[in-house]
Amino acid sequence: RIAFVHCDVAATNINNSYSNDIYKNFDKIALVSESLKHLFDESMPLLKNKTSVVYNCHNFKKIQELANENPVVYEKKFLNFITVARFSNEKGLLRVLPILSRLKKEGLFFKWNVVGGGDLAYQENFMRLAKKLEVDSDVVCFGSQVNPYRYMKNADVLLVPSYHEAAPMVFQEAEYLHLPVLSTQTCSAEELVSERKIGVVCDNSEQAIYEDMRNFIVNYDSFEFAFSQSMSNALAVKQFEDLLK
């Protein structure tokens, strides 16, 4: 019996008697990043001998095919940020709107494109606040989409403003599409973004997000990233096979 864990175990308060009673019945516990394993081992030290890292697998061929299906073409007079996430509190979407208001008042040009569905009440609150702050014309909500990659392909920056994350699959999807990432500091952000040199990780605060969004808008051409020219699931598959031995 193998359990896969794909959540921020600290933020979700997983270290409790209920979780311990369940996880102790598994033979192995797979965590989807090194950072997440470290956090899990700290939170539930009695289970440390059962944990292993198994990265997420991706269908890279399918991602490429979908990205090439009628890709969205954005206006080049704007820096186009894109966020692919459901509308929910932990994703931090609401706190981006006051940041956009500050950037707009400075005379900077940008668009924030949001792909995702989710909590309808949250979405309505989001749109009300966007209108109140007079940035509704600077935000484009595409709703839930079967194919988010056609929106990602020609965007300039993937914005991940989450309060907490485990190891978002969208990081590697962006890396494959050579889309720079701006992420808040969450569990695996350093490991999957900074260390791979595919983007910028900022402090998990509104001020830090503002500063790095502004930096991208003003200095976009000066950024250099080291996107891999060949991505595969070889390591993830090996980790999974080792788990079964």
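The values are calculated or read from the model by the stated rules, or taken from the named source; none is laboratory data. Model, not experiment: these values are computed from the prediction. Counting neighbours? That spans all protein chains shown, and the Cβs are built from the backbone with ideal geometry, glycine included. Keep in mind that these areas ignore ligands, DNA and RNA; they rest on the heavy atoms of the full protein, side chains included. Shrake-Rupley method; radii C 1.70, N 1.55, O 1.52, S 1.80 Å.
Brief remarks on what is shown
- Loop-resident GluC sites (Glu not before Pro) (DSSP state other than H, G, I, E or B) in the stretch 80-181 with no more than 11 further Cβ atoms inside 10 Å of their Cβ: E106.
- Candidate lysines for bridging to K131, where Cα separation is under 26 Å - those fewer than 8 sequence places away on the same chain excluded: K76, K77, K91, K104, K105, K111
- Loop-located trypsin sites (Lys or Arg not before Pro) across the stretch 24-92 with a Cβ neighbour count of 11 or fewer within 10 Å are K76, K77, with loop assigned by DSSP.
- Rg of the Cα atoms in the chain, relative to 2.2 N^0.38 Å, amounts to 1.07.
- Taking 0.36 nm per residue of sequence separation and removing the Cα-Cα distance, the A226/L120 pair yields an extension gain of 34.4 nm.
- Portion, in percent, of the accessible area of the chain that falls on carbon or sulfur, probe 1.4 Å: 50
- Solvent-accessible surface of the stretch 183-226, taken per residue with a 1.4 Å probe and all protein chains present: 49 Å².
- Between the C-alpha center of the stretch 191-245 and that of the stretch 104-129 there is a gap of 23 Å.
- Using a probe of 1.4 angstrom and keeping all protein chains present, the accessible surface of the stretch 42-127 works out to 50 square angstrom per residue.
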